[in-house]
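Here the structure is laid out as structure tokens; the discussion comes afterwards.
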Amino acid sequence: MNRVVITGMGIYSCIGQNLDEVKRSLMSGKCGIGVDPAREAIGFRSYLTGILPEPNLVPLLDRRKRISMSQEAGYAYMATVEALENAHIDNDFLASHDVGILYGNDSSALAVMEGVDLIREKKNTTLVGSGSVFQSMNSTVTMNLSVIFKLKGINITIAGACASGSHAIGMGFLMIQSGLQDCIICGGAQEVNPFSVSSFDGLNAFSMRNDSPSEASRPFDADRDGLVPSGGAASLILESYESAVKRGAPILAEVKSYGFSSNGEHISVPNVDGPKRSIQMAIQNSGLSLEQIQYVNAHATSTPIGDYNEAMAIAEVFGSHKPYVGSTKSMTGHEMWMAGASEVVYSVIMMQNSFIAPTINFKTPDEASAQLNISGKYVDYSFDTLLSNSFGFGGTNSTLIINKI
């Protein structure tokens, strides 16, 4: 079985639009959450979201390519350019190798809304334009990036709710491990507009701390009152160890294992058993002992039941071993379909630079989180193995284990 390594990373998020900006935000505990007046204007109860600028693609791509791209495809393009540059992959390499793409995305609501609104207003479908269909499909990221970068390998979108980005990395890991591909662009993207999350607001899933945005996302804290939606994109270049060494690529980390499970119960309410089995599967497949895992980047979205059940699952798996546990969602909010990929990027940055980012706003543990080793402050800490959890609606669970090489 081939070893699978990470040779490049790229990020476009509310705490930074490149790796250097994100590293500084993680170290300082900078929050990227703010108030969106558009949400208030259309009747949202919660006006909170991750705040990030729209990338200017005009100098980078011609009009023909831009008109087919959704909001999240634009984010993913920016993250992928950075990832490819950091992996030392150029157009010649892409042209001469079967590089694939597996990207997590589970909506493209803005493009759908804009197209439908135009048809309703004008009563003429021809006015929607040729790009609308490519913007509005869930596979908008992979179809656009595969064309822009002229990719010749696997080309699939992974739709697994809030575990989409993590499952994309996991599936890429399995394909490279088994020898089906040598190099795959993996990641996750999430649009940042009110339409993609309006039903969440109606379900009372969001924090109501409209007057204190930076304190709204409170993973594991007893006073949490709901998640804060966010988004952007994160890309990772997964490659076989042999391929990376052969071309002299930088090796940032190794993907050791992938665990997954289904809760098999409620469509939206998580349980303890499903996440627990996903974590156990990843650990068993890694060949590592519990004691070798030093940091857990939790899914922990700041919802009352979700955080409680995940804390119980982590505590039951690790027992007396107390790795550092944290949730970067305290700073970024919940990046939805992107989160499973971005949180691997955040965690690898921490591992490379020997620190644990603070879980900001964590002040008072509840009965479950009191069992975990969670720090609300920055911690100088050298570690070489991490575990990252991502869970989603429908009871889909994904766990990745990454280590230094």
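The values are calculated or read from the model by the stated rules, or taken from the named source; none is laboratory data. None of these values were measured; they are calculated from a predicted model. Cβ placement follows ideal geometry from the backbone for every residue including glycine, while neighbour counts extend to all protein chains displayed.
Would you check which residues across the stretch 54-95 are over 25 Å from residue 183 (Cα atoms) and not polar (S, T, N, Q) and list them? Once the filter is applied, which keeps residues that are over 25 Å from residue 183 (Cα atoms) and not polar (S, T, N, Q), the stretch 54-95 yields 54, 55, 57, 58, 59, 62, 63, 64, 66, 67.
Scanning the stretch 51-79 for residues that are farther than 23 Å from residue 142 by Cβ and either touching a Cys at 6+ places or on another chain (Cβ under 8 Å) or part of a helix (DSSP H, G or I) (or both) returns a single hit, 51. Filtered by the rule that a residue be part of a loop (DSSP other than H, G, I, E, B) and within 17 Å of residue 337 (Cβ to Cβ), the stretch 381-405 gives 393, 394, 395.
When residue 103 is tested against (1) aromatic (Phe, Trp, Tyr); (2) under 22 Å from residue 63 (Cα atoms); (3) under 16 Å from the mean Cα position of the chain (by Cα), only condition (2) is not met.
Only residues that are part of a loop (DSSP other than H, G, I, E, B), polar (S, T, N, Q) and touching a Gly at 6+ places or on another chain (Cβ under 8 Å) were counted in the stretch 185-224, giving 3. Taken together, the residues in the stretch 316-348 that are in contact with a helix residue (DSSP H, G or I) (Cβ under 7 Å, 6 or more places away or on another chain) and more than 24 Å from residue 392 (Cα to Cα) amount to 1. Identify, please: which residue in the stretch 9-18 is touching a Leu at 6+ places or on another chain (Cβ under 9 Å) and surrounded by fewer than 24 Cβ atoms within 10 Å (Cβ to Cβ) and is, among those, farthest from residue 327 (Cα to Cα)? Among those residues, the one meeting the criterion is 17. Count of the stretch 19-44 residues, restricted to those that are touching a Gly at 6+ places or on another chain (Cβ under 8 Å) and loosely packed, with under 15 Cβ neighbours inside 10 Å, is 1. In the condition set (1) under 17 Å from the mean Cα position of the chain (by Cα); (2) crowded, with 24+ Cβ neighbours inside 10 Å; (3) not charged (D, E, K, R), residue 369 is compliant with all but (1).
The number of residues in the stretch 312-338 being touching a His at 6+ places or on another chain (Cβ under 9 Å) and in a helix (DSSP H, G or I) comes to 1. Of all residues in the stretch 224-272, those that are assigned by TED's automatic domain parsing to the domain that holds residue 86, aliphatic (A, V, I, L, M) and within 30 Å of residue 200 (Cβ to Cβ) total 5. Taking the criterion of being surrounded by fewer than 24 Cβ atoms within 10 Å (Cβ to Cβ) and touching a residue at least 40 places away in the same chain (Cβ under 8 Å), the residues of the stretch 320-346 that qualify are 322, 323, 324.
Take the residues in the stretch 357-366 that are in a loop (DSSP other than H, G, I, E, B) and not hydrophobic (A, V, I, L, M, F, W, C), then tell me which one is surrounded by the most Cβ atoms within 10 Å (Cβ to Cβ).
359
Working carefully through the options 94, 52, 118, find the one that is under 24 Å from the mean Cα position of the chain (by Cα) and either assigned by TED's automatic domain parsing to the domain that holds residue 161 or within 27 Å of residue 339 (Cα to Cα) (or both). So that I can check it myself, show each step before the final result.
Details: 94 fails: under 24 Å from the mean Cα position of the chain (by Cα); 118 fails: under 24 Å from the mean Cα position of the chain (by Cα).
Result of the check over 94, 52, 118: 52.
In the stretch 84-138, the residue that is surrounded by the fewest Cβ atoms within 10 Å (Cβ to Cβ) out of those that are touching a helix residue (DSSP H, G or I) at 6+ places or on another chain (Cβ under 7 Å) and among the hydroxyl-bearing types (Ser, Thr, Tyr) is 125.
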